[in-house]
Amino acid sequence: MNGVAIITLILGLGLIAWLSARAKAMRLAPAASQTGDRSRKRPLLHSLPSYHGWYAALWVLGPALVFLAIWANVMPGLVTGRVLQDPAAAALPMDAMSRSAILSEARNIAQGNAQAAFDPRANALIEPYRSANRFYSLGGALAALMLALAGGAFAFTRIRPDFRARTKVERVVMSALLLASLIAIVTTVGIVGSLLWESLRFFSMVSPLDFLFGLKWSPQSAAMGYGNENAFGAVPLFWGTIFIGAIIAMFVAIPLGLMSAIYLTQYAKPAARAWLKPMLEVLAGVPTVVYGYFAALTIAPNMRDFAAWIGIHNASSESALAAGLVMGVMIIPFVSSMADDSINSVPQSMRDGSLAMGATTSETIRQVLIPAALPGVVGGVLLAVSRAIGETMIVVMAAGLAANLTLNPFASVTTVTTQIVQLLTGDQEFDSAKTLAAFALGLVLFVVTLLLNIVALQVVKRYREAYE
Amino acid sequence: MNAPVSPDALRRQPTDWKGDAMRKRIASRYASERRFRRIGLAAILMSAGFLAYLMISMLSGGLGGFTRTEIAVRVDFPKAPIVIDPASLRGEGAEAVLSSVNWQALTDQAATSALGKDGAWIAPGAWLVVRDAVKADPAILQKSVTLHLPASAELDVAAKSEGQPAAEAAYARLEKAGLTSRAINWDFLTSSDGTDPTQVGIWGAFKGSLLTMAVTLLLSFPVGVLAALYLEEYAPRNRWTDMIEVSINNLAAVPSIIFGLLGLAVFLNVLHLPRSAALVGGLTLALMTMPVIVIAGRNAIKAVPPSIRDAALGIGASPIQVVFHHVLPLALPGIMTGTIIGMARALGETAPLLMIGMRAFIASPPGGITDPATVLPVQIFLWSDEVSKGFVEKTSAAIIVLLLFLLSMNSIAIYLRNKFERRW
């Protein structure tokens, strides 16, 4: 019996339990004409009938589904154990490697995942596997059904007018709510744990100091067996990331984003704003792979031609400038909306005061609004930087792979995210320093973006409080 | 230390607004005001211009990807080296009869006899058109018919833009003979990835995207809504709640590639879920989307006025009933808007899916969530890496499809917001 069928069956049982428990509760309830009558024979129900239904349904579904989940994890071990007791298994070789290879081959054929075995010795084990599988899956299904029926029967006997079904059901709902919100913590722990664990394995091969301060990045040479020394110096990557994400991109995003926000909040008529603001939001909604394609196909060749035109001849077709410019455009809406928020939260009285003194609108903006909104704007820019350095697809497609330490925007640089993608695609042996380096880079990226976010949010928060 | 000030200077004069110096000063202040305003307008127009440039370059490059160049070829079935009884194609077993024929040879021969050496410019997959024509109407087997066969990638590029010299020359000859035409390439919408740009399509990637999104939605929406309800309505103010809030806010700002690393380390290497599958992609994106839904959901729940809760509590509803019968239905439009926006972001996401191996070459649409699959943005990334020039317009065409899809999702979100938003 396969998994879908048994789960459908149990869900069906749950529905039956819900209906019959509700019906039973309804029969227990006093008729509508009696409810106001003090001399009625039957007591009032504590809970509405549907809560009795839910109570029974939960008792049917809960234990059975939990049992099935556990069984699905335990069953493969039991099946293998039973197969090994089969006389055909006695012919298996003793060494663990080929033994488990044959076993998994036989298992795949028995489950229909593979057609034929490479190793003829696996053929003898297919039939034992099939029978063991049948035995345990049938057993599991029967046990789950028994549990469902037992749970239902237990719940059914407890239905009485004074039974507090609602309280019990609500307790279950409450724990579901709590569990759902704990998933966020589990995810955070998962991220930190997996990054730390793999990074520690990496740092057992490469010293953290070499990694953080080394100037030479060439994981290929390490993979080819030239040793891990001097191959994993990540400084060129950090520089490339900062150069593209925090310098070139911000040269585009800060002026354009800030001026857009000023124009939208201070000058634009409401009708114009109704069109221009969504347009900026569209810019934020374009997928990054589209920006990357655009940068690589349209902007980068133009940049190279431009460099040749102004007399730089060794310009790369994967220049930092192309990736940075496009990333800057991607960040514009982000900077603009943060600046919009902080300009809007400057008290109206400050602006009115300045205008009343005879200042023009632009003087008010430059000398009153911007200085007052500056902490908020700075916080927004920090958030934008953290967004830019974590951005992947634009740099993967438009920036190069050469780890250069250069100030020349027409040269090719590489970034942390590009290298993570580069290291983890293609053939993966999970214990090589080359693969694990990606996790160390990921850890650095995670920590840096986290710090930027914390600092930025603190700045913005303190600034908001100053005006409240 | 101050210089002695003459008493004249200390006597205050009223400002002479009509004087030359003052007029000039005011004029320059107004000029700078106008300048500043123009700079602001220029900034926003530059952003708009960039958006327009991007859209126009995608449209101009990509619309050609939805069409293909076809060459009219006269196929003389009675003389062709195949023997099929048309009657055998009408009943049972037609598929077996069709698959027993060497259509490739038939097509090549027909093309060579009709076009001479230009017959080589027929696409490698052109025989599919011949087979489908016979399948649709077996009667043509006794006739000589003109079929419009797709041209090869090189000729297609030559027809639409600059191609190789040989292909350009061939196209000029064929065009002069009046044999070429342009038709909508339905295969682009119905087939999957391939090696020949004339045969590739986006259906496989599109289906992969749909499956991945389904997994993401099924996981992140219930969890996100429940978490938002808990945090907004029930959570006690203590250290645990603070930790949950901090981690949700941080998760919303973590770079997407980090989620890819998590998926690789946990879902693939620890839990041994199938590589490249929509299931793992959906799980990874669900972790990424969940914080977005929680944050949007909390804002929507916060916007429901307390009087609703008080009234419900006042007539004897339990706290759970208050929330599930009254607060949640009122907050749902806001939650849906946030969810659609989060899903749109997840749909355009590429980097985390590269990490979990969804960049494999998948030539057939996935049948379920555990089959190897790829998604639209990753397909775009893969095609953008192809050397063949025919893939350029296919990439742009796929981008157009992706953008249209995102646009419609966002329009639905805006529509929902406008229709159901209530100000209390």
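To the nearest ten degrees, helix A:433-466 and the longest principal axis of the Cα atoms of chain A are 70 degrees apart. Counting every other Cβ atom within 10 Å of each residue's Cβ, B:389, A:269, B:143, B:394 order from fewest to most as A:269, B:143, B:389, B:394. Only alpha carbons enter this Debye calculation for segment A:314-411, each as an equal point scatterer, and the log10 of I(q)/I(0) it gives at q = 0.12, 0.14, 0.23 Å⁻¹ is -0.56, -0.67, -1.09.
Each other residue within a Cβ distance under 14 Å of residue B:167 adds +1 if Lys or Arg and -1 if Asp or Glu, for a net charge of -2.
Footprinting exposure proxy ranking of B:33, A:105, A:318, fewest other C-beta atoms within 10 angstrom first, gives B:33, A:105, A:318. Helical runs assigned H by DSSP (4 residues or longer) give chain B a calculated mean residue ellipticity at 222 nm of -19000 deg cm²/dmol, each run adding -39500 (n - 2.57) before division by the residue total.
A cut-off of 5 Å between modelled amide H atoms, ignoring neighbours fewer than 5 places along the same chain, links residue B:182 with B:70.
What does the C-alpha gyration tensor say about the overall shape of chain A? Classify as rounded when a/c is under 1.5, otherwise prolate if a/b is larger than b/c, or oblate. Because a/c hits 1.5 or more and a/b fails to exceed b/c, chain A counts as oblate. Once you sort the root eigenvalues of the Cα gyration tensor of segment B:203-420 as a ≥ b ≥ c, which label holds: rounded (a/c under 1.5), prolate (a/b larger than b/c) or oblate (the other case)? Note, shape of segment B:203-420 comes out prolate. Each part gets one Cα centre, and for segment B:152-191 versus segment A:140-219 those centres are 56 Å apart.
Each peptide in B:44-55, B:192-203 gets a packing score, the mean of other Cβ atoms within 10 Å over its residues, and the list from highest to lowest is B:192-203, B:44-55. For residue A:233, the amide hydrogen comes within under 5 Å of the amide hydrogens of A:216, A:217, A:218, counting only partners 5 or more places away or on other chains and with H modelled in the peptide plane. Helices in chain A, meaning DSSP H runs of at least 4 residues, each add -39500 (n - 2.57). Divided by all residues, the mean residue ellipticity at 222 nm is -23000 deg cm²/dmol.
For the protein assembly as shown, pairs of C-alpha atoms spaced more than 35 angstrom apart make up 64 percent of the total. Note on residue B:143/residue B:168: beta-carbon distance plugged into 1/(1 + (r/R0)^6) with R0 of 41 Å gives a FRET efficiency of 0.75.
Rounded, prolate or oblate, given the Cα gyration tensor of chain B, with a/c below 1.5 counting as rounded? Oblate, because a/c is 1.5 or more while a/b does not exceed b/c. Taking the number of Cβ atoms within 10 Å of each Cβ as an exposure proxy, the fewest-first ranking of B:246, A:4, A:460, B:101 is A:4, B:246, B:101, A:460.
Counting, for every residue in A:439-449, the Cβ atoms of other protein chains within 10 Å of its Cβ and taking the mean gives 3. Counted residue by residue at 0.36 nm each, then reduced by the alpha carbon distance between them, the extension gain from residue A:407 to residue A:153 reaches 83.9 nm. For chain B, which DSSP H helices look membrane-span-like by this rule: Cα extent along the axis of 20 Å or more and mean Kyte-Doolittle of at least 0.0? Membrane-span-like by this rule: B:20-62, B:203-229, B:278-302, B:328-347, B:390-420.
How crowded by other chains is B:34-42, given as the mean number of beta carbons from other chains within 10 Å of each beta carbon?
For peptide B:34-42, the averaged partner shielding equals 6.
Measuring between their Cα centroids, segment A:1-16 and segment A:368-410 lie 53 Å from each other.
Shielding of A:277-286 by partners, i.e. mean partner chain Cβ atoms within 10 Å per residue?
5
Helix A:249-262 axis versus longest C-alpha principal axis of chain A: approximately 90°, rounded to the nearest ten.
Values in this text are rule-based calculations from the coordinates and carry no lab data. These numbers come from a predicted model, not from an experiment. Counting neighbours? That spans all protein chains shown, and the Cβs are built from the backbone with ideal geometry, glycine included.
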